[in-house]
Amino acid sequence: MLAVSGAVFLMGAAPPIEVHGHRGARSVLPENTIPAFEHAIEAGADFIELDLAVTRDDVLVVSHDPTLNRAICRSPGGGDVIRQLTLAEVKRWDCGSLRNAEFPDQKPVPGAKIPTLDETLALASRGHFRFNIEIKSFPDKPDLTPPPGEFARLVVEMVRERELEERVQIQSFDFRILHAVREIAPEIRLAALYGSGPLDFAAIAREAGAPVVCPHFALVTPEKVKAAHDAGLRVIPWTANSEETWEKLIAAGVDGIITDDPAALIHYLKARKLR
């Protein structure tokens, strides 16, 4: 068992399968917006999952990409690289009016703005859910974010200011971020994101220093999940949206599922008496 595995238990008893609302609930409402997070909370998601970028004035904002996505956000004009914009400039973008073409049933919310991390964490009083925070860091594009140590510090300070250490999981594809968080906040649960490659889940966890592995759902097999559990790890794949995929992941023994439609997954689990 990894030395860091104790962090798994800091957050209290969890349901058999954690439901993580990916970018809130982007199949239903504009991604990474307060309305999407509120929907996931009301649906009963165990975690709301979100992504972070940092403005020029060092404010943590919720965005999947380091550049504002013009396919789903209306621009007021000017640049779109978040690290080159102030918070005031970022807040001028409308990220609720345009429907994401990948989700034809998504309901627009005209005028929805990109929230700050602080505004998102302020939702904590709405229930007993937790926050799955992905820190977006790009080793090959260091100009798009603060250095890993600084980025980690900004996030940890905000989490601690809200006294939410035990309600937060921090995940990243950039394991430098996870090492930095572990150094300054060992009480916060860490998760290693993984998209492709030959490594088994235990090897990924060792490299990342994390007790949770979040692989792409296509990488999950019963054998890999069992080996991870034998090593004291949790497995929470992303991003699964169909009943067929949910069935396979549940049969494989995963500990949670990250999905764009948390309400539908919760309904699916309840119908099978798994929740």
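Structure summary
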read-out	value
Contour minus Cα-Cα distance for Ala101 and Glu42 (0.36 nm per residue)	18.8 nm
Cα centroid separation - region 73-124 against region 220-275, whole Å	30 Å
Calculated FRET value between Ala88 and Asp65, using beta carbons and R₀ = 22 Å, to 0.05	0.65
Pairs of lysines in the chain (C-alpha under 30 Å apart; 8 or more residues apart or interchain)	21
Net lengthening on full extension, Val81/Glu207 (0.36 nm per residue, minus Cα-Cα)	42.3 nm
Value at 222 nm in deg cm²/dmol, rounded to 500, when DSSP H runs of n ≥ 4 in the chain each add -39,500 (n - 2.57)	-8000 deg cm²/dmol
Test item: Cα-centred dipole of region 119-212, Lys/Arg +1 and Asp/Glu -1 on Cβ, debye	200 debye
Inter-label distance, nm, simple model (7 Å from Cα along the C-beta direction), Asp58/Glu247	5.3 nm
Electrostatic dipole magnitude of region 16-271 [Cβ: Lys, Arg +1; Asp, Glu -1; Cα centre; debye, to 20]	240 debye
Fraction of antiparallel bridges per DSSP, the chain only, in percent to nearest 5	20 percent
15 Å reach of a label modelled at Arg160, 7 Å along Cα-to-Cβ, counting backbone N of region 175-217	180-189
Cα gyration tensor shape for region 28-76, rounded if a/c is under 1.5, else prolate or oblate	oblate
Three-way shape label, the chain, alpha-carbon gyration tensor, a/c 1.5	oblate
Residue-span extension gain [Arg126 to Glu150] - 0.36 nm each, minus C-alpha spacing	5.7 nm
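Bear in mind that the values in this text are calculations on the coordinates, not laboratory data. Treat the numbers as computed from the prediction; the structure is a model and nothing was measured. Every residue, glycine among them, receives a Cβ derived from its backbone with ideal geometry; neighbour counts consider all protein chains shown.
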